[in-house]
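Chemist: Take a look at this one; I'll ask things after.
The values are calculated or read from the model by the stated rules, or taken from the named source; none is laboratory data. Everything numeric in this text was worked out from a predicted model, so none of it was measured. Here the Cβ positions follow ideal geometry from the backbone for every residue, glycine too, while neighbour counts run over all protein chains shown.
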């Protein structure tokens, strides 16, 4: 997995990098086939913004969150990402299960 963390008008310190990677590890453990993760941390006036794009096989999942505190924005972003990843995983498992369910048995 390739993790890329960038900052726009924000210095990405080792502490922030460790915090983001720790939060994303919690989400990414759901998938084995994550190819890359791009995180963008930015400041727009008084709002802190955190965006993430997770590239999995067959789909890109994008989430963004804003808050007055950067760490709160990262927390909200990872919560949203966790819900979307679980939804995508459930949907892909359901489709895979349905394809076997609707096959006719051979005589």
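Chemist: Considering only segment 53-78, how many residues are part of a helix (DSSP H, G or I) and more than 9 Å from the chain's Cα centre (by Cα)?
Modeler: First, the residues of segment 53-78 that are part of a helix (DSSP H, G or I): 70-78.
Narrowing the set further to residues that are more than 9 Å from the chain's Cα centre (by Cα) leaves 70-76.
Result for segment 53-78: 7.
Chemist: Looking at segment 56-66, can you tell me whether even one residue there is closer than 16 Å to residue 4 by Cα and touching a residue at least 24 places away in the same chain (Cβ under 8 Å)? Outline the logic, then answer.
Modeler: Filtering segment 56-66 down to residues closer than 16 Å to residue 4 by Cα leaves 56, 60-64.
Narrowing the set further to residues that are touching a residue at least 24 places away in the same chain (Cβ under 8 Å) leaves 56, 61.
Yes: segment 56-66 contains one or more residues that are closer than 16 Å to residue 4 by Cα and touching a residue at least 24 places away in the same chain (Cβ under 8 Å).
Chemist: Let me ask another. Contact list please: Cβ distance under 6 Å, first residue in segment 82-93 and closer than 11 Å to residue 30 by Cα, second residue assigned to a helix (DSSP H, G or I), pairs at least six apart or on different chains.
Modeler: 82/27; 85/27
Chemist: Please determine whether any residue of segment 50-59 is surrounded by 14 or more Cβ atoms within 10 Å (Cβ to Cβ), over 21 Å from residue 88 (Cβ atoms) and modelled with pLDDT of 90 or more. Before you say what the answer is, go through the steps one by one.
Modeler: As a first pass, look at segment 50-59 and keep what is surrounded by 14 or more Cβ atoms within 10 Å (Cβ to Cβ): 50-56.
So of that shortlist, the ones also over 21 Å from residue 88 (Cβ atoms) come out as none.
No - not one qualifying residue is present in segment 50-59.
Chemist: Residue 6: part of a strand (DSSP E or B), over 10 Å from the mean Cα position of the chain (by Cα), at pLDDT below 90 and more than 15 Å from residue 75 (Cα to Cα), yes or no?
Modeler: On the way: part of a strand (DSSP E or B): yes; over 10 Å from the mean Cα position of the chain (by Cα): yes; at pLDDT below 90: no; more than 15 Å from residue 75 (Cα to Cα): yes.
Judged against the criteria, residue 6 is not a match.
Chemist: Is there a residue being loosely packed, with under 10 Cβ neighbours inside 10 Å, modelled with pLDDT of 85 or more and either in a helix (DSSP H, G or I) or in contact with a strand residue (DSSP E or B) (Cβ under 8 Å, 6 or more places away or on another chain) (or both) anywhere in segment 22-38?
Modeler: Of the residues in segment 22-38, the ones loosely packed, with under 10 Cβ neighbours inside 10 Å are 32-33.
Filter again for modelled with pLDDT of 85 or more, leaving none.
Among the residues of segment 22-38, not one is loosely packed, with under 10 Cβ neighbours inside 10 Å, modelled with pLDDT of 85 or more and either in a helix (DSSP H, G or I) or in contact with a strand residue (DSSP E or B) (Cβ under 8 Å, 6 or more places away or on another chain) (or both), which makes the answer no.
Chemist: Which of the residues belonging to segment 39-52 are part of a loop (DSSP other than H, G, I, E, B) and on the phi < 0 side of the Ramachandran plot?
Modeler: Taking segment 39-52 first, the residues part of a loop (DSSP other than H, G, I, E, B) are 45-46.
Result: 46, single match.
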